[in-house]
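For reference, the structure discussed in these notes is given below.
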Amino acid sequence: QVQLVESGGGSVQAGDSLRLSCEASGRTFSDIVLGWFRQPPGKEREFLALVSWSGVSTDYAESVKGRFTISRDNAKNTVYLQMNSLKPEDTAVYYCAADRTWILPNGDVDYWGQGTQVTVSS
């Protein structure tokens, strides 16, 4: 029902910044919870951040708190992840996610994007 397409990934150096975007299409976009996960090489997919439909409620993983900021623009059907002070350990495939109730850290969500690669070199 919801299609998610990420963009904005790329290869950067440590300390640089990137902003990821995820454009969504489908019904009832404005009242779904949106979030970001990532999967580093050889590791399981991990929760990064979520934002409620209103944009008021946000939550972050401890590993990115203070460096990453999630936001959404419902008029554009888009959720963003601003990533600052990137580190080599941030290298991963980053996935956009959406859920009609709530996003759980275990990754049990309704919809996934295809992923976008972020590579951070030292």
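The values are calculated or read from the model by the stated rules, or taken from the named source; none is laboratory data. The shown structure was predicted, so the numbers you read here are calculated from the model rather than taken from an experiment. Glycine gets a Cβ as well: all are built from the backbone with ideal geometry, and neighbour counts include every protein chain shown. When the accessible area is computed, the model is the full protein with side chains, heavy atoms only, and any ligands, DNA or RNA have been set aside. Shrake-Rupley method; radii C 1.70, N 1.55, O 1.52, S 1.80 Å.
Amide H contacts of Leu86 (H built 1.01 Å from N, in plane; Pro and chain starts excluded): Gly15, Asp16 sit under 5 Å, all sequence-distant by 5 or more or on other chains. Evaluating kT/(6 pi eta Rh) at 37 °C and 0.692 mPa s, with the Kirkwood radius of the stretch 1-70 over Cα pairs in the Stokes-Einstein relation, gives 239 µm² s⁻¹.
Restricting the trypsin sites (Lys or Arg not before Pro) of the stretch 24-76 to loop positions (DSSP other than H, G, I, E, B) with no more than 12 neighbouring Cβ atoms within 10 Å leaves Arg27, Lys43, Lys65. For Glu44, the accessible surface of its heavy atoms amounts to roughly 150 Å² (probe 1.4 Å, protein chains only, rounded to the nearest 10). Here the accessible area of the chain is 45 percent carbon and sulfur, with a 1.4 angstrom probe and all protein chains present.
Solvent exposure of the stretch 37-122 amounts to 51 Å² per residue of accessible area, where only protein heavy atoms count and the probe is 1.4 Å.
Hey, if we sort Leu50, Leu18 by accessible area with the 1.4 Å probe, largest down, what's the order?
Solvent-accessible surface, decreasing: Leu18, Leu50.
Convex hull volume of the C-alpha atoms in the stretch 7-122, normalised per residue: 91 Å³. Extents of the stretch 60-105, taken as max minus min of Cα coordinates on every principal axis and listed largest first, are 32, 23, 20 Å.
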